[in-house]
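Every read-out reported here was derived from the displayed coordinates using simple, explicitly stated rules and does not represent laboratory data. What you are looking at is a predicted structure, and each value in this text was computed from that prediction instead of being measured. Here the Cβ positions follow ideal geometry from the backbone for every residue, glycine too, while neighbour counts run over all protein chains shown.
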Amino acid sequence: MSSEQTAVSIGDRRQAALLARFAASGYEPIDLPILGPASVFIDFSGEEIRSGLFLTSDDAGAELCLRPEYTIPLCRAYLGSDRAGRQASFAYCGPVFRSRPGHAAESVQSGIESYGRADIAAADAEILALSLEAAAAAGTAGLAIRVGDAGLVSRVFQALRLPESWQRRLRRGLDKGQTIDTIMNGAPSAIGDHSGVLAALTGTDQKGARALVEDLLSIAGIASVGGRSAAEIAERFLVQVANKASPAFADEQRHSLDRFLAIDGSLDDASAKLRAWAGETGLDLGDALDLFDDRINFMAACDIDMDALVFEASFGRNLDYYTGFVFEARRPGAVQEGDDVLIGGGRYDRLAEQLGSREPIAAVGASIWVDRLDDTSREGAIR
C-alpha cells in the first residue's frame, strides 16, 4: 500500500471513529450540501471573510460559496426541517473550504450540534466532554483546553452600563484576540470628508445602511476603490458611523473592565475571582455566575480532567454568533493561534433567530479539525 493510500485509510478510520462515538451518544449523522448562499457567512463574519471563500453564482446571479464551516448550514437545515424548535442532536463529518495562504484550501471537519435543550450547563459540559472523547477515540488526547464565556462578558458590559456601540466594538475586538488597549485606540480614521453620508447612516439598521452605501456606489458605477470592494467600503462607513456615535465611558468603568478581563486560571479559581470582583464592584451577576458554577460541576461529573481547563475572561472565538460558553482545545504548549486549534465550539442561542426563527432556540456545538489529529497521544483529558 502506498503512503498516499495509507494516509487515506487512516483518515477514513478517524472519520468513522468520530461518527461512531457521536452516534453512540445519540447524535444523528447528517449530510449537508457543499454549496450554499455566501451572504449568510458574510453577514455573520463580516466582509473580511470574503477573501477566504470559494465563490460562484447561480443562474439568477445570487452569490454562492463552498461551505467554509458546518454550524450555520446545519442550523439552517434544522430550521427547515419538521424538527425545528424541538430537541435534536446531529453529528457531521466532511470537507470544508477556506482559502488561507500556506494551507490546504480543503480540509475535513467533524462535529456535533445540540438544539433545544433547556439544561444549559449540562449540555455545555456534554458537548465539551463528547468532543474530547471522540478526538481521543480518533487518536488524539491529552489536550489543553482554553475556556471563556461570551454570555458572562456581555452581562458584565451591560452591568457596567457601557454604551451599546462600545459593547459591539469590544465584543468584536475580543473575539479577534485584540487587547482592550488595541480596541480602545484602534478606531480607523475617516478618509476625506464623508460627513453627509455618515449623517445619513446614523440610526439606520446595519443591513439597511450597508445596502444604502452599496446602492450609492452601484448607481455611481463604482465597483471598487483602492482595491476595496463596494461591500468593504460599506463596512468601513459603518465602522466610522459607530466610532463617531460612540460616547466615551468613564475611567471607573474602564478600570473595572480591565480588572474583569484580567481574570484567568483554573475554573474553580476563576469562579472565586469572578465572585470577588463582582462583590467589590457592586455588580449583580448572580445568575450568570451560578450558571458558571453549574457548568463546572457538570464538567467534573463528565470525568473531564479539570486540570486541563484554563479560564480566560478575555477569551472569545472569532465568530459573531457565540452567546455563552466557548472553548478551544490544543496540544499542550501550542501557541495561541487559530491554526493549531484541534477542537473548538460553544453556545450560540441567538443563531436560530438570526437565521429566521421566530423564537430563540438553545444551541451548543463543537467542531473537530480532523486533518490536525494524530496518533501520538492516548492519555490525558478524558480519564
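For segment 1-152, the fraction of C-alpha pairs more than 26 angstrom apart is 37%.
Fewest neighbouring Cβ atoms within 10 Å first, the residues Leu283, Leu55 line up as Leu55, Leu283. The ranking of Glu359, Glu28, Glu113 by Cβ neighbour count inside 10 Å, starting from the fewest, reads Glu359, Glu28, Glu113. Between Arg358 and Ala105, full extension at 0.36 nm per residue minus the direct alpha carbon distance yields a gain of 87.5 nm. Of interest is the spacing of the C-alpha centroids, which for segment 307-374 and segment 170-184 amounts to 17 Å. Protection proxy ranking for 88-101, 129-142, using the average of other Cβ atoms within 10 Å per residue and placing the highest first: 129-142, 88-101.
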